[in-house]
Structures are given as structure tokens and as C-alpha cells.
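Remarks on the structure that follows.
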Amino acid sequence: MAGRILTGDRPTGNLHLGHLVGSLLSRAQLQHKYDTFILIADVQALTTHFEHPEKIEKNMYNVTLDNLSVGIDPEVSTFFIQSMVPAIAELTIFYSMLVSVNTLRHNPTIKTEAANYGYDDLTYGFLGYPVSQSADITFCNANLVPVGEDQVPHMELTRKLVRRFNDVYNTDVLAEPETMLSDCPRLAGLDGNAKMGKSLNNAIFLCDPEETVKTKVFSAITDPQRISTKDKGHPEICSIYHYHQTFNKQESSKICESCKNAQIGCVDCKNTLFEKLNETLKPIREKRRYYEEHPDTVKEILLAGTKKANKIGNETVAKVKEAMHVKYF
Ligand code: SF4
């Protein structure tokens, strides 16, 4: 193996096509090259959903199924539950001594997310979640973290924190992780919103049945100026065309030209896309069905991975405590 990767998901809802093209497909490939740790980030989910923990409980299972269904192999990758690895919480406390409140306040991702959630009075947990992420990464000595653009400031914080820790305590206990920036395109929502989101009501979920996908595709926003098939279209502003570019690459140029020259109708165009999406989703649904029928297997995967994570985490905490002189007896 070329190193260890830390990746994962917040269990705040089912994963969708945006996750599939943005992270899950590359995750499924990377697992054969890197020792892959997959975090089910329930504590991080609590920073925004602490008043509705029942949603997190339900989605822990769903998010695990989503990962398994796209081909994350539990024999190869390690799934673990954040709240069941106490080392992460312990490291978060120790690391919090080394990060200033101003650094967290000025973190651009925190500012954007706080504005999106409408927070004008940040909780300690929300403001500090990048520190907890540093613990997620370092407890298992991950040296590579695949992230989207919005997570880059958090990675920089982790790298700085590691350097500061090693410098202050004159040690090399913590390894500085590298950022693996995703080059996958962000998938737009069915409503034309630049982002497909779990809670934006504009997503096709990996667990959606065929009929639901069809309904969603046929209700997607297209070119509003194209009233009839005789009107020349503007595919560049159409969400359906955007999806053709991702899920129907071979035909997308032809569709673009046909739309511009009024040689294809939106119904046919949507039908073609629906068929392509089904080709992608069919094997995912089949794998998912297997795990849905074997819930004990899913539980065993999570427990076995969490046990392995705890063993590594306890070793890291012991070294960190020793470096910080908080190991007394
Ligand atoms: S033909 Fe296709 S690309 Fe053109 S506007 Fe209709 S749905 Fe969009």
C-alpha cells in the first residue's frame, strides 16, 4: 500500500449522485492503492444536528450502505464510527490548546457554512470542528486526505497544527498529511442550483428506486426559453445537459448540437438521460439490496472497523500524551 487515506461522510442524509461523482467513485478506486479508513462522522454531524440526533442515528446505517453499494470493499477498507473511537475526542481536547479562536473564526469555510446555516452565535463544537477533523486525520496516521475545495482551509489547519505540535513538544509523533484535491466536477442540482445537496430537495439519491429517478429527471429544470421542440435550445443552462456531460459522455456533444439546432425534444433527451442514470444505478441498487437483507453483516463491518481504529487510536494517544508530559504513572 502507498500510504493511508482518511475519508468519510457526515451521516446527515442519504448520499446522492453528487457524492458518487465527487468522491465515492474515486474512493472505490483508491482503496486498492491506499489503506483506506472511512469515517462515519456522527460527532461532526452533531455540530449542526445536535437538536435532532435521531436523524444521525438513522443515517449512520444509510451512509454505510451507500458506501458499500458503490463498491467500497469492507475486506479492503476500514469503516469506523467517530463517536466510538474515544482517542479522537481525547486528541481534539489536546489539539485545542494549540489553535487560537481567531484562527477558527477567520477560517473561510467556517464563515461560509455559518452563513448558510444562519448561525450568528456559533457553538463551541461548530467553531471547533476543524480541530476535531485534525484528530480524525492524525489518530490513524493518515498521510493523504481526499478533499473538495471547501475543505482545503481545514487541511491547512491540520498541517499547521501538526507542525506546531511537533515543534512545541520537540517530537515527530504526528505525521503531516497531504491534501489530495478532487478534480471531479461538482454536480448541479435538478433545480439548476450550482450544488446538489442532501437537504436542498434537488438530488437524485443512490437509493432512489427507478420510478423516483424517472420522476425527478422529468421534473428537472431545462432551458426555460425552450417552449416547443421547434425552439433552438441553450444546453449550457440546462441541468439535463449538465448530467449528460457526466453520465453520458459519449453522446453529450451530439446532444448539445441537436439541442442548439432544435433537432431533439426535451422529452427524448430526458429519456436518454434516465436510461443512462439507470445503467449507473442498477448495480449500485443490487449491491445495496444485498446489504439491506443482511443488516447483521453491516453491523459487523462497523464494529470490526471501529475495533481496529481504536487499537491504532489508543497507540497514537499514548504517544501524544507522552510527548505532552501528561503520562504520570
Ligand atoms: S433538449 Fe435536452 S439539453 Fe436541450 S433543453 Fe431540452 S433537456 Fe435540455
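Here, each number is a calculation from the coordinates, and none is a lab measurement. Treat the numbers as computed from the prediction; the structure is a model and nothing was measured. Note that we place each Cβ from the backbone using ideal geometry, even for glycine, and neighbour counts take in every protein chain shown.
Taking N as the residue count of the stretch 141-228, its C-alpha radius of gyration divided by 2.2 N^0.38 Å amounts to 1.73.
Over the chain, Cα pairs under 8 Å with separation of 6+ residues give a relative contact order of 22 percent.
Can you put 70, 63 in order of Cβ neighbours within 10 angstrom, beginning with the fewest? Walk me through the numbers before you get to the answer.
Working: 70 21, 63 26.
Lowest count first: 70, 63.
Suppose R0 equals 35 Å; then what is the FRET efficiency for residue 262 and residue 111 from their Cβ-Cβ distance, rounded to the nearest 0.05? Don't jump to the answer; show the numbers that get you there.
Values: r = 45 Å, r/R0 = 1.29.
Calculated transfer efficiency: 0.20.
Centre-to-centre separation between the Cα atoms of the stretch 19-68 and those of the stretch 253-290: 27 Å.
Binning all Cα-Cα separations of the stretch 106-161 at 5 Å, short to long from zero, yields these whole-percent fractions: 4, 17, 29, 24, 15, 8, 2. Across the alpha-carbon set of the chain, the Rg to Rh ratio works out to 1.02, Rh being the Kirkwood radius.
Sorting 97, 180, 196 by the number of Cβ atoms found within 10 Å of their own Cβ, with the fewest placed first, yields 97, 180, 196. Do any GluC sites (Glu not before Pro) in the stretch 53-153 lie in a loop, going by DSSP, with at most 15 other beta-carbon atoms within 10 Å of their beta carbon, and if so which? Qualifying residues, ordered by number: 75.
Using every Cα-Cα pair within the stretch 178-302, state what percent have a distance larger than 19 Å. Spell out each step's value before the answer.
Values: 4267 of 7750 pairs.
So the pairs more than 19 Å apart make up 55 percent of the total in the stretch 178-302.
Can you list the DSSP H helices in the chain whose Cα atoms extend at least 15 Å along the helix axis and whose mean Kyte-Doolittle hydropathy is -1.0 or higher? Walk me through the intermediate numbers first.
On the way: long enough: 53-69 (24 Å, -0.88); 152-168 (24 Å, -0.50); 249-260 (17 Å, -1.26); 266-292 (37 Å, -1.16); 295-323 (42 Å, -0.43).
Answer set is 53-69, 152-168, 295-323.
Across the stretch 224-291, the relative contact order, built from alpha-carbon pairs under 8 Å that are at least six residues apart, equals 33 percent.
Within the chain, what's the longest stretch lacking trypsin sites (Lys or Arg not before Pro) that sit in DSSP loops with no more than 15 other Cβ atoms inside 10 Å? Provide the component values of the computation, followed by the final result.
Working: sites that count: 33, 186, 195, 230, 232, 327.
Answer - 34-185.
Helices in the chain, meaning DSSP H runs of at least 4 residues, each add -39500 (n - 2.57). Divided by all residues, the mean residue ellipticity at 222 nm is -16500 deg cm²/dmol. Among 218, 165, sorting on how many other beta-carbon atoms sit within 10 Å of each Cβ, with the fewest leading, yields 218, 165.
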